[in-house]
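J.: Pasting a structure here, questions to come.
The values are calculated or read from the model by the stated rules, or taken from the named source; none is laboratory data. Computed from a predicted model, the values in this text were never measured in an experiment. Methodologically, a virtual Cβ is constructed for each residue, glycine included, from the backbone with ideal geometry; neighbour enumeration extends over all protein chains shown.
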Amino acid sequence: MNEQEVKLSLRKWIIEKNGKIQSEDLKPDTPIIEQRIISSLQIMDLILFLEKLRGNAIDVENLKPGVFRTIDIIYSNFFKGNPNGKN
Amino acid sequence: MEKLCEASRRDYANPYDLKWPETLDQNQWCFSPELISIYGTDVYDKLSEADKKRLSFYEAVNFFSLNIHGEKPLSEGLAHRLYSKRNISLSPYLHHFLDEENKHMIYFASFCLRYAFKIYPDKKMSIPQEYVAGEEDFLFFVKVLIFEEIVDIFNIRMSRDERLVPIAREINRLHHRDESRHLVFGREIVVSLFKEYKDQWSKETLQKIRIYLAQYLLATWKEYFNPEVYKDLNISDAYDLTDRFFDSPVCRTRRIEISANCISFLLKNGILEKEPSL
């Protein structure tokens with residue numbers, strides 16, 4: 001998957017999980033955790049979804065919520081230059 | 001409270017006394033087949049008997065792993081509440097609770113590391129947030145209760161299941177023996193905190209707590225469906241299948257049946273107003 005495809009998949013997933021947010025309100029730099037668009041209980045689902053997109057597991061031991069702050073930040077933390085991913 | 005303390009002293013166990021077999025024959029059941037996350041699905045039905053038993057081993061490792069991950073924050077929360085002004089009278093029992101949770105983690109981790117050489121990682125994450133008076137304590141104890149009510153059903157059934165390897169049965173038995181006391185304590189404190197604070201909370205706060213608890217129940221169940229388990233069994237498309245398994249009617253029916261007592265307690269005490277969607 002290229003960058004655009006990954007970000008599009010992420011957008012779709014976030015909109016579906018939130019269930020209320022309008023597509024135009026979700027920008028690549030919208031703070032999804034801070035604005036409670038994604039709840040703490042949904043982070044586990046988000047990690048599994050990212051693993052599915054990457055095609056490999058994420059080392060979760062030292063992750064902080066900041067790595068999921070926005071779609072752009074998620075992309076750069078888990079996909080950009082990901083040597084083991086399939087993107 | 002004193003009765004619970006007495007019972008804890010009576011059942012006091014040394015976790016290092018447990019007799020561990022050198023190796024575990026993976027051609028035996030380590031987890032009751034009917035409790036396996038994907039039992040009853042087409043994928044499960046197509047597995048050979050040997051693969052079903054191998055899956056039961058990884059399901060046991062996942063069950064013990066998720067228990068470790070549930071008991072770590074529980075232990076932190078109990079330690080944090082020891083001798084706080086409001087909990088001084090509860091502290092003698094909190095000591096037992098903390099001690100027993102520590103022992104459970106020793107049992108679970110020993111099984112995982114001896115036989116699977118790993119503990120499946122925890123993928124939950126908490127985000128700091130602001131609470132109104134009483135909300136944090138209430139949420140801490142009610143989440144502990146929900147988690148333990150579900151786990152305890154697994155423990156009870158597996159401690160009685162003669163098909164299981166003795167060490168798996170014994171860990172489930174030891175866990176249940178302590179959990180039965182933790183549940184008595186948990187139910188009392190949850191009801192007491194809810195009665196104390198519910199009228200002080202705004203409608204919005206109460207509604208937010210109820211929505212959160214329904215989501216917490218669902219999130220708790222998701223941990224039982226771990227794609228790492230399915231990958232260890234060489235099931236392809238583990239991530240896609242995990243969603244499919246979770247959504248399948250047979251798995252949903254099992255979740256509802258196992259959660260029934262817990263949900264009935266939450267409804268009876270007005271903590272939830274309606275059946276959560278599982």
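J.: Do you know which residues across the range A:3-62 are basic (Lys, Arg), crowded, with 17+ Cβ neighbours inside 10 Å, more than 9 Å from chain B (Cβ to nearest Cβ) and without any contact (Cβ under 8 Å) to a residue 60 or more places away in the chain?
T.: Matches in the range A:3-62: A:54 only.
J.: So, one more: Can residue B:30 be described as in contact with a helix residue (DSSP H, G or I) (Cβ under 7 Å, 6 or more places away or on another chain), farther than 21 Å from residue B:252 by Cα and crowded, with 17+ Cβ neighbours inside 10 Å?
T.: The answer is yes for residue B:30.
J.: So which residues in the range B:218-245 are more than 10 Å from chain A (Cβ to nearest Cβ) and on the phi < 0 side of the Ramachandran plot? Before you say what the answer is, go through the steps one by one.
T.: Taking the range B:218-245 and keeping what is more than 10 Å from chain A (Cβ to nearest Cβ), we get B:221, B:224, B:229-230, B:232-236, B:241, B:244-245.
The answer is B:221, B:224, B:229, B:230, B:232, B:233, B:235, B:236, B:241, B:244, B:245.
J.: Can you tell me which residue in the range B:122-178 is modelled with the lowest pLDDT, limited to those that are among the small types (Gly, Ala, Ser) and surrounded by fewer than 22 Cβ atoms within 10 Å (Cβ to Cβ)?
T.: We begin by selecting, within the range B:122-178, every residue among the small types (Gly, Ala, Ser); these are B:126, B:133-134, B:159, B:168.
Add one more test, that the residue is surrounded by fewer than 22 Cβ atoms within 10 Å (Cβ to Cβ), and what stays is B:126, B:133-134, B:159.
Values: B:126: 86, B:133: 94, B:134: 95, B:159: 98.
So the residue we want is B:126.
J.: Tell me the residue from B:200, B:215 that is of a type outside the set (A, V, I, L, M, F, W, C) and not in a helix (DSSP H, G or I), please.
T.: Values: B:215 fails: not in a helix (DSSP H, G or I).
Just a single option satisfies the conditions, and that option is B:200.
J.: Something else now. Within the range B:223-242, track down each residue that is closer than 18 Å to residue B:35 by Cα and surrounded by fewer than 17 Cβ atoms within 10 Å (Cβ to Cβ).
T.: Residues satisfying the conditions do not exist here.
J.: Inside the range B:227-278, counting only helices (runs of 4 or more DSSP H) that do not spill past its ends, which hold 2 or more residues that are more than 16 Å from residue B:59 (Cα to Cα), polar (S, T, N, Q) and without any contact (Cβ under 8 Å) to a residue 40 or more places away in the chain?
T.: On the way: elements: B:227-232, B:238-247, B:249-268.
It comes to B:249-268.
J.: Which of (1) within 14 Å of chain A (Cβ to nearest Cβ); (2) without any contact (Cβ under 8 Å) to a residue 24 or more places away in the chain; (3) not in a helix (DSSP H, G or I) is the odd one out, the single condition residue B:208 does not satisfy?
T.: Failing condition for residue B:208: (3).
J.: In addition: Taking the condition under 16 Å from the mean Cα position of the chain (by Cα), assigned to a loop (DSSP other than H, G, I, E, B) and not aliphatic (A, V, I, L, M), does residue B:37 pass? Even if it seems obvious, please write down each step before you answer.
T.: On the way: under 16 Å from the mean Cα position of the chain (by Cα): yes; assigned to a loop (DSSP other than H, G, I, E, B): yes; not aliphatic (A, V, I, L, M): yes.
Taking the combined requirement at face value, the residue satisfies it.
J.: Report, by residue number, each residue of the range A:35-66 that is of a type in the set (S, T, N, Q) and either at pLDDT 95 or above or within 25 Å of residue A:25 (Cα to Cα) (or both).
T.: The first filter runs over the range A:35-66 and keeps only residues of a type in the set (S, T, N, Q), leaving A:35, A:39-40, A:42, A:56, A:62.
Within the range A:35-66, A:35, A:39, A:40, A:42 qualify.
J.: Okay, moving on. Starting from residues that are hydroxyl-bearing (Ser, Thr, Tyr) and closer than 21 Å to residue B:148 by Cβ, keep the ones in the range B:74-92 and report whichever is surrounded by the fewest Cβ atoms within 10 Å (Cβ to Cβ).
T.: Residues of the range B:74-92 that are hydroxyl-bearing (Ser, Thr, Tyr), as a first pass: B:75, B:83-84, B:89, B:91.
Pick out the ones that are also closer than 21 Å to residue B:148 by Cβ and you get B:75, B:91.
Values: B:75: 18, B:91: 15.
Among them, the one singled out is B:91.
J.: If the requirement is being within 14 Å of chain A (Cβ to nearest Cβ) and of a type in the set (Phe, Trp, Tyr), which of these qualifies: B:58, B:131, B:93?
T.: Working: B:58 fails: within 14 Å of chain A (Cβ to nearest Cβ); B:93 fails: within 14 Å of chain A (Cβ to nearest Cβ).
Selected residue: B:131, the only one of B:58, B:131, B:93 that is within 14 Å of chain A (Cβ to nearest Cβ) and of a type in the set (Phe, Trp, Tyr).
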